[in-house]
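Any read-out appearing in this document is the output of simple, stated calculations on the displayed coordinates, not a laboratory observation. Source: prediction; values computed, not measured. Cβ atoms come from the backbone with ideal geometry, glycine included; neighbour counts cover every protein chain shown.
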Protein chains: 2
Amino acid sequence: MSDHSLLMIPGPIEFSDEVLQANAHPSMSHVGAPFINVFGESLELLRKVFVSEDAQPLVIAGSGTLGWDIVAANITERGDNVLVLHTGYFGDSFAECFETYGVTATQLKAAIGERPTSDQVEAALKERKYKLVSITHVDTSTGVLSDVKLISEVVRRVSPDTLIVVDGVCSVGGEELLFDEWGVDIAITASQKAIGVPPGLSISAFSKRAISTFNSRTTPPSSYFASLKKWLPIMQAYESRKPMYFATPPVQLIYALHASLKKITERPMSERFQLHKDASNKVKSAVRELGLKQVPTQDQFAANTMTAVYLPEGLTLPDVLPKLSQKGIIFAGGLHREIATKYFRIGHMGITATDSGRNDLDKAIQGLKEVLSEATQKH
Amino acid sequence: MSDHSLLMIPGPIEFSDEVLQANAHPSMSHVGAPFINVFGESLELLRKVFVSEDAQPLVIAGSGTLGWDIVAANITERGDNVLVLHTGYFGDSFAECFETYGVTATQLKAAIGERPTSDQVEAALKERKYKLVSITHVDTSTGVLSDVKLISEVVRRVSPDTLIVVDGVCSVGGEELLFDEWGVDIAITASQKAIGVPPGLSISAFSKRAISTFNSRTTPPSSYFASLKKWLPIMQAYESRKPMYFATPPVQLIYALHASLKKITERPMSERFQLHKDASNKVKSAVRELGLKQVPTQDQFAANTMTAVYLPEGLTLPDVLPKLSQKGIIFAGGLHREIATKYFRIGHMGITATDSGRNDLDKAIQGLKEVLSEATQKH
């Protein structure tokens with residue numbers, strides 16, 4: 001598995017051989033006891049990853065994007081109001097998803113590299129009643145980290161009935177996220193980021209309060225494939241080790257998920273969060289030493305799962321990314337439309353952050369140094 | 001890969017080592033040239049599988065079920081009428097999916113093991129104008145095969161504006177389905193059946209007419225994740241080998257799909273359809289010799305991808321399936337609620353049907369003979 005380039009984009013990330021091997025599991029019946037055990041145990045292990053006692057985890061074939069539909073089609077109803085805290089591209093998209101289902105999404109937008117302040121959130125909550133507030137934990141387009149704990153406190157204090165929804169696609173399993181302790185109601189994520197499993201799974205967790213909001217809706221869910229009415233009994237059946245069918249689960253990906261979760265939960269989550277912080281600090285120090293400016297405007301706004309970096313004056317993406325690729329290192333280009341050509345993104349999640357024996361970070365930093373030095377000399 | 005039980009349920013099916021290996025592909029960027037080539041070529045190869053010159057193929061992370069949402073949320077609009085030809089469980093479910101999106105689904109129901117006649121379809125079409133007619137090509141709950149060609153002719157003649165939608169989840173890649181020649185507008189399927197790829201992909205094909213129906217809708221698509229407005233440009237970008245992002249594609253599953261499609265399209269599709277017919281005939285002959293009655297009431301109603309068989313008088317599923325499982329052979333129980341405990345299902349698709357060197361069919365038939373003989377002696 002060593003002859004491919006080192007993939008250090010903000011997802012998909014590098015996967016362990018163990019996880020890839022599990023993804024090649026021979027075909028198993030989706031309603032047979034061996035697979036049911038693996039799925040059931042995966043749900044139990046996910047609760048540990050979300051740091052929750054009793055949240056309901058969901059694992060459905062799809063992508064991170066599907067998580068938005070699950071929230072919009074089940075938790076909100078036509079005519080509801082939601083507040084979307086915007087720290088980049090993914091706020092706009094989540095808002096668009098809500099609007100698709102007839103929900104009015106008000107965005108509280110921050111400048112690029114910034115995040116809405118708690119005072120702004122408080123003011124917005126006092127202006128109107130919102131069914132839920134959504135927070136992008138790490139916006140992959142800017143690398144901005146939201147302070148979920150702080151925002152959650154504000155929401156609970158100012159508008160206690162408002163649900164707290166965390167888009168944790170680029171955070172769950174990497175950034176500290178304490179579902180129960182911080183009073184989160186829903187967190188959604190995907191397999192291919194800090195959870196370390198090939199893309200193809202929408203993964204989420206719902207608090208009892210979120211489930212009871214769902215149960216008290218007056219209209220049926222507005223999606224069939226994303227309906228919690230369909231999926232909740234299925235997840236409960238798997239966890240009680242009983243067969244039940246709605247749609248064929250992605251069997252091999254669930255084996256891969258199980259392999260990754262077993263490994264992740266061998267150690268305390270706090271240790272894993274710290275390893276991601278350490279990896280991030282290492283990358284950010286190197287970037288700083290190279291004289292590069294990050295997209296997040298303050299250190300405490302910067303994600304630990306990725307780093308978004310402006311190109312040095314006078315260089316373009318084609319000066320940098322293809323040269324890195326020639327050295328076997330893949331970084332990502334820009335995603336935020338307004339600055340897309342001016343910055344690049346480095347992912348440092350999963351085994352790249354936690355398995356120091358791989359030397360991924362050193363290799364990437366060294367490659368970046370060489371490429372920038374060569375590119376600058378040329379100019 | 002030989003120490004697992006032989007999986008002969010109507011999906012997931014057995015996967016080749018080549019396909020499973022591809023599903024363990026090291027992590028690749030979803031917007032990098034190597035993966036874009038693989039995705040783009042997979043779309044081109046899919047057109048061959050659907051036997052179409054210019055249908056638009058779609059491959060999205062999800063399950064077969066998601067295909068229904070793609071149709072209901074993009075092709076129909078609130079208030080539309082559709083006609084669902086019902087040959088089992090999956091007709092009810094597709095109808096329920098339509099209703100979720102505010103579409104009125106009229107079902108033309110056949111008795112268990114039967115299918116609506118062309119006269120009944122003609123009469124129904126003359127009674128009311130339908131936006132589309134849906135046909136379950138093979139209903140996995142009954143093993144009933146629909147005559148898509150015949151129904152399609154009737155629809156084109158009686159109600160030429162009505163779109164023809166084929167639920168080909170248990171058929172595409174196994175049953176003869178000539179998308180262009182038969183005038184099919186939409187066919188949906190999933191990866192884990194006759195296409196021979198682990199579950200986790202919703203695969204579909206849309207005719208130019210279906211796309212233009214979509215383009216002329218007066219309301220926006222009623223799903224975000226399943227929106228053709230989002231996905232059509234993505235598929236077109238992959239096929240023209242350009243990077244474009246909406247949601248992260250299931251990279252490893254696409255490599256697996258590519259491996260399977262390369263293999264499938266090495267030989268003419270007509271040959272593959274014939275191999276599935278031969279496999280089916282072999283299983284059905286054996287079942288007949290054992291004195292067992294099939295669920296489909298007539299031979300020409302019986303699918304070639306699977307066989308649904310009533311238990312012999314006096315035997316129950318626990319007398320048969322666990323005993324087969326002890327011999328390393330997995331068949332499926334019943335799925336149709338009204339007869340669920342009275343029948344079992346055998347899948348014979350993909351390498352189980354096409355690779356005679358595996359001896360899957362002989363092994364399964366031999367196992368079934370032994371188990372029935374032992375169980376009957378006991379009684």
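Once Rh for chain A is found with the Kirkwood sum over Cα pairs, what is the Stokes-Einstein diffusion coefficient at 20 °C and 1.002 mPa s, in µm²/s?
101 µm²/s
Counting only helical runs of four or more DSSP H residues, what would the 222 nm mean residue ellipticity of chain A come to if each run contributes -39,500 (n - 2.57) and the total is spread over all its residues?
About -12500 deg cm²/dmol.
Based on DSSP, what percent of beta bridges with both residues in the protein assembly as shown are antiparallel, to the nearest 5?
Looking only at bridges with both residues in the protein assembly as shown, the antiparallel portion is about 50 percent.
Quick one: if the Förster radius is 51 Å, what FRET efficiency do B:Asp180 and A:Glu153 give, using the C-beta to C-beta distance and rounding to 0.05?
Using R0 = 51 Å, I get an efficiency of 0.25.
Counting other beta carbons within 10 Å of each Cβ, put B:Lys284, B:Lys323 in order, fewest first.
Fewest-to-most Cβ neighbours within 10 Å comes out as B:Lys323, B:Lys284.
Hey, what did the stretch A:1-121 get for relative contact order, percent, Cα under 8 Å, at least 6 apart?
Value for the stretch A:1-121: 16 percent.
Could you bin all the Cα-Cα distances of the stretch A:150-304 into 5 Å bins starting at 0 and give me the percent of pairs in each, rounded to whole numbers?
2, 7, 12, 16, 18, 16, 12, 8, 4, 2, 1, 0
Using 13 Å as the cut-off for backbone N distance, which residues of the stretch B:151-184 belong to the label zone defined by a point 7 Å from the Cα of B:Ser118 along Cα→Cβ?
Those under the cut-off are B:151-158.
What is the Cα radius of gyration of the protein assembly as shown over 2.2 N^0.38 Å, N being its residue count?
Cα Rg divided by the expected 2.2 N^0.38 Å: 0.96.
Find how many whole Å separate the alpha carbon centroid of the stretch B:44-94 from the alpha carbon centroid of the stretch B:257-288.
The distance from the Cα centre of the stretch B:257-288 to that of the stretch B:44-94 comes to 23 Å.
Which FRET efficiency value, to the nearest 0.05, do you get for B:Thr316 and B:Lys48 by plugging their Cβ-Cβ distance into 1/(1 + (r/R0)^6) with R0 = 41 Å?
The calculated FRET efficiency here is 0.40.
Kindly flag which residue pairs out of B:Lys230/B:Lys262; A:Lys263/B:Lys327; B:Lys327/B:Lys378 have an alpha-carbon separation exceeding 29 Å in this structure.
Correct reply: A:Lys263/B:Lys327.
For B:Lys149, give me every one of the aspartates and glutamates with a C-alpha distance below 13 angstrom, ignoring sequence neighbours fewer than eight places off in its own chain.
Within the straight-line limit of under 13 Å, B:Lys149 reaches these aspartates and glutamates: B:Glu175, B:Glu176, B:Asp180, B:Glu181, B:Asp185.
Can you bin the stretch A:335-379 into rounded, prolate or oblate? Criterion: square roots of the alpha carbon gyration tensor eigenvalues sorted a ≥ b ≥ c, rounded for a/c under 1.5, prolate for a/b above b/c, oblate for the rest.
In terms of gyration-tensor shape, oblate.
Can you sort A:Glu271, B:Glu41 from fewest to most other Cβ atoms within 10 Å of each residue's own Cβ?
A:Glu271, B:Glu41
How high is the relative contact order of chain A? Use alpha-carbon pairs under 8 Å, at least six apart in sequence, and give a whole percent.
25 percent
Restricting to DSSP loop positions (anything but H, G, I, E, B) with no more than 13 other Cβ atoms inside 10 Å of their own Cβ, which trypsin sites (Lys or Arg not before Pro) remain in the stretch A:28-131?
A:Arg78, A:Arg128, A:Lys129
Just to be sure I understand the model, the point goes 7 Å from the Cα along the line to the Cβ. What's the resulting A:Thr106 to B:Lys369 distance in nm?
7.5 nm
Once both labels are modelled 7 Å past Cα along the beta-carbon direction, what's the A:Lys262-B:Arg288 spacing in nm?
Label at A:Lys262, label at B:Arg288, 4.7 nm between them.
For a quick check: with amide H placed at 1.01 Å from N, whose amide H comes under 5 Å from B:Ala190's, ignoring anything fewer than 5 positions away on the same chain?
B:Ile203
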